[in-house]
1. Tell me, yes or no, whether the range 92-106 has at least one residue that is out of contact with any Cys (no Cβ under 7 Å at 6 or more places or on another chain), modelled with pLDDT under 90, over 16 Å from Val16 (Cα atoms) and among the polar types (S, T, N, Q).
2. Could you check Gly65 against (1) in contact with a helix residue (DSSP H, G or I) (Cβ under 9 Å, 6 or more places away or on another chain); (2) at pLDDT below 95; (3) in a helix (DSSP H, G or I); (4) of a type outside the set (A, V, I, L, M, F, W, C) and say which number it fails?
3. Go through Val4, Val27, Val39, Val56 for me and flag whichever is surrounded by fewer than 12 Cβ atoms within 10 Å (Cβ to Cβ), over 13 Å from the mean Cα position of the chain (by Cα), β-branched (Val, Ile, Thr) and at pLDDT below 95.
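The values are calculated or read from the model by the stated rules, or taken from the named source; none is laboratory data. Quick caveat, the model's predicted, so the values are computed rather than measured. Cβ: placed from backbone, ideal geometry, glycine included. Neighbour counts: every protein chain shown.
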Amino acid sequence: MLRVVGTIYKVLAWIVLVIGILSALGVLGAGIWGQARMVRPPGMPPRALFPGWVGVAGGIMGALGIALMALFYFLFLYAFGEAIFLALAIEENTREMALYLRPKEGQEGEG
């Protein structure tokens with residue numbers, strides 16, 4: 001049962017990473033597209049630097065933030081899934097070692 005839970009966490013980690021990257025690309029695209037569609041305010045010179053880069057800079061910063069958070073959540077979920085598998089492996093190896101070190105019948109008095 002715990003192997004299933006560990007696998008679910010690892011699959012969920014990949015899903016979060018893919019959705020996060022797609023969201024970051026969407027925010028970046030929306031920033032660039034929004035910048036191209038932005039109307040120049042009255043009185044603003046036609047070649048002013050500020051309006052042309054607001055959408056692109058906002059899109060880049062938003063995309064970077066989303067991508068970093070997606071990466072953080074991916075690492076957390078994947079590590080948690082691996083920790084479950086690690087605990088199961090430790091338990092399995094401990095059980096095997098206990099069986100291996102248990103004295104066999106007829107060898108209890110020897111030494």
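1. No, the range 92-106 has no match at all.
2. (2)
3. On inspection, the qualifying residue turns out to be Val39.
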